Structures are given as structure tokens and as C-alpha cells.
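Here's the structure, in C-alpha cells; my notes come after.
Only the coordinates and a few stated rules stand behind these numbers; no lab work does. Just so we're clear, the structure is a prediction, and the values are computed from it rather than from any experiment. We place every Cβ from the backbone using ideal geometry, glycine too, and count neighbours over all the protein chains shown.
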Amino acid sequence: MKIERIEAIPYSIPYARPLKFASGEVTSADHVLVRIHTDTGICGVADTPPRPYTYGETQDSIVSVVTKVFAPQLTGLDLLDRSKVQQLLGRTVNNPTAKGALDIALWDVIGISLGTPVHKLLGGFTDSMRVSHMLGFKPAAELLEEALRFRETYGINTFKLKTGRRPFSLDVEACHVLREGLGAETEIYLDANRGWTANEAMEVLRRTEGLGLSMLEEPCDAGEALGRRRLVQNSSIPIVGDESVPTLGDVSRELLSGGSNAICIKTARSGFTEAQKILGLCEGLGVDVTMGNQIDTQIGSLATVTFGAAFEASSRRAGELSNYLDMTDDLLAEPLTIDDGAIRVREVPGVGAAIDAAKLQKYRQD
Ligand code: MUC
Ligand code: MG
């Protein structure tokens, strides 16, 4: 079975409730749908979220690198020659979500052709993941209202609060209000998206001491190596690397330099192949992982749960899988559902992301 043709389709779906955070804001999902067609007629699919403030990719750059650089290199290759594919993708630096989508679409094709769900091919550990919901910038009372509504409606009991790049008092107040309103049994952790310095992060940790926060993600730029190491050494909770660790090499560097002591894995930027290597590295070193959200659509969230549920170590913590709920629509033909705080994998061949053709026609930009 050979790769015959690769499509990169830009599309745009507005958000009903935009998400704001320290490094940017998302008001519409201006993503790229990647489809890999084979000579047997099978088609694999995946989604890419352009995040210029995180990886330097834009919707245009993703379409361009997929169609002009990767498609000519991959066309004609055997689908199972996975290491060859990785080596070819690796010849181009950066472009993590373009590469991640190609990798996921390839796994999708392999699963469909074998008649096997990809979560089984990867590891088959379990069939669902608990969901963590990401709370963007809002006044504290509105954050609490949102968290209580998500707990009541979906059974979600883990929340990641976006912080940083705004007066400390707002972040500290939000932590206190959420803990008081949600009670001791709800998991709350923070993500500053590099919005503080290491010293500022330590100040916030001091002011939230005793609230039982479980993790602090990307508090400052990992390039501030000494400050970051000091923060890791002095923090009583794990300091999670996210945008500083898109690749296996980045994860190694951050863990060895002491800039992080937990790792966020995102399938949107690592695909399944590199995500699996990152997971193995972390397991071997005894480092916790979280399954993160690149502000994904339902297609992206399904990819995350497919990978996350496949392994014991990636399914231990709740995965960030619910922010698609803020979109006005989605391309997935059969919508995801969150029941009792969890999302299930799909027991169909491949990843299971069948696309609604009419919706793709409506939202595509090309
Ligand atoms: C996160 O964990 O940082 C914010 C920007 C982005 O691309 O992903 C998010 C979530
Ligand atoms: Mg993050």
C-alpha cells in the first residue's frame, strides 16, 4: 500500500467562546485538515492547529509545507515504512503540527487497512480518559461558574487555569476562589504559558501555598535556564514543560538541565510516533506526563484520547480534551461526548475521525 496523494485543506470555524491565555487568544479555529490518500483507496485524516505564538506555524505555512515539501517527499512511499517517513519529515526543521498531523493520518490509514482501532495498535491499555477542562482568562467569579457548570454537566473534576502576563492578584484570587468554590476533591493546576519570570512564578507559588494545586505548567521561558532550574528545585509541585518540549530532543534537554520535572505530551505537535518515544523516555526516568490540548477540535481531541488511553502512563492523569466545546461547530461527523467526566476511544478501524463532507464544504477556505 503506497501513499498516492496528500491534501492540506485550510478551514475556519468560529469559537462561540474565545479562549484567552498569556501567549495569545483563539477566536476561530483556522486549522488545516490533512488527508493522506493511498493507492488502495483508503484515506487517513488528522487536524493541525496553527499556533504562531508557540511554534511559528500559520495556516498558510502548514498548507505550504505539507503540499510543497512533505507531499513530494512522501508520495510513493510504502505506508508501513514508518521509520523512512520519520527520517524524511525530520529533514525539515520545526513545523511540528504539520508533521504531527501527517504522522497521525498515517496511523489512521494503517489502522483502517488492518481493520483495527489505532488505540489497540498503539497499546490498548484502556478505552477512555478522564477529562481535564482548560479555563482561560476571566474574572474569578466567572471562572468558578464555568468550572461548576462543567462539573455538573459533564462530570469533569479536573481544571487547568490559565495564568500569567496579568496582575498577580488576579491569578492568585482565581486560585483561591476556585479552591473555595470547588472543594478539596477537585484537581486544579496552572499554566502560565511563559507569562512570568521564574522569580514571579515563585512568588505566585508562595501566595497559593496550601491550596493544593497539583502542577505548574510552563511558568517562564525555559530559555531562562538557571531561574527555571531554581524554580524546579524549590517548588513543592511538579513544573511541567509544554511548549518548551515539542520534540524528544527537547524533552531530553529540559529534563537533563532540570528545567522541568514533568512533561506535557501533545499529539498535535508530536504525532503518535514521537509522542510514544517521549512517553517511553519519561516512563524510564520516572517522570509524570500529562496529555495536553493544543486548543484542539474534536478531530484533534479524538487523536489525543486515542493515544492517551493506549498506555498506562499517559492515561493516569486526566487529559485536556474538552475545549472543542467552545467552538460553534466541528468537522467530525459523529460528535464526541463526555460522560461521567470521560471521553471514550472509538472502537472502529483507524482513529475513527470520519469527516462530515457538507461541513467541510461549508468551512473550507480554499
Ligand atoms: C496550553 O497548554 O498551553 C495554549 C496555546 C496553545 O497552543 O495550546 C494552549 C494550551
Ligand atoms: Mg500549556
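State yes or no: is A192 within 16 Å of ligand 1 (Cβ to nearest atom) and among the aliphatic types (A, V, I, L, M)? So A192 fits the description; yes. Of all residues in segment 287-305, those that are over 16 Å from D127 (Cβ atoms) and within 16 Å of ligand 2 (Cβ to nearest atom) have Cβ atoms under 7 Å from Cβ atoms of residues that are of a type in the set (G, A, S) and in a helix (DSSP H, G or I), 6 or more apart or on another chain, in V289/A313; V289/S314; Q294/A268; Q294/G300; D296/A268; G300/A268. For segment 96-110, which positions are over 15 Å from the mean Cα position of the chain (by Cα) and not charged (D, E, K, R)? Listed by number, the residues that qualify are L102, A105, L106, W107, V109, I110. In segment 10-39, the qualifying residues are those that are in contact with a helix residue (DSSP H, G or I) (Cβ under 7 Å, 6 or more places away or on another chain) and more than 30 Å from F137 (Cβ to Cβ), and the one that is farthest from ligand 2 (Cβ to nearest atom) is T38.
Residues in segment 60-106 that are more than 14 Å from E4 (Cβ to Cβ), among the charged types (D, E, K, R) and in contact (Cβ under 8 Å) with a residue 60 or more places away in the chain: R82, K99, D103.
Might you check whether a residue that is within 23 Å of A313 (Cβ to Cβ), surrounded by fewer than 22 Cβ atoms within 10 Å (Cβ to Cβ) and over 16 Å from the mean Cα position of the chain (by Cα) occurs anywhere in segment 84-93? Within segment 84-93, one or more residues are within 23 Å of A313 (Cβ to Cβ), surrounded by fewer than 22 Cβ atoms within 10 Å (Cβ to Cβ) and over 16 Å from the mean Cα position of the chain (by Cα).
So is T297 of a type outside the set (G, A, S) and within 16 Å of ligand 1 (Cβ to nearest atom) or not? The answer is yes for T297.
Of all residues in segment 248-258, those that are touching a residue at least 12 places away in the same chain (Cβ under 8 Å) and within 16 Å of ligand 1 (Cβ to nearest atom) total 2. Summed over segment 26-53, the residues that are surrounded by fewer than 22 Cβ atoms within 10 Å (Cβ to Cβ), within 12 Å of ligand 1 (Cβ to nearest atom) and touching a residue at least 40 places away in the same chain (Cβ under 8 Å) give a count of 2. If you check L80, L144, L106 for being surrounded by fewer than 24 Cβ atoms within 10 Å (Cβ to Cβ), in a helix (DSSP H, G or I) and among the aliphatic types (A, V, I, L, M), only one passes: L144. In segment 211-227, the residues that are within 22 Å of R316 (Cα to Cα) and hydroxyl-bearing (S, T, Y) reach residues that are assigned to a strand (DSSP E or B) and within 13 Å of ligand 2 (Cβ to nearest atom) with C-beta atoms within less than 8 angstrom, at least six apart or across chains, in these pairs: S214/Y189.
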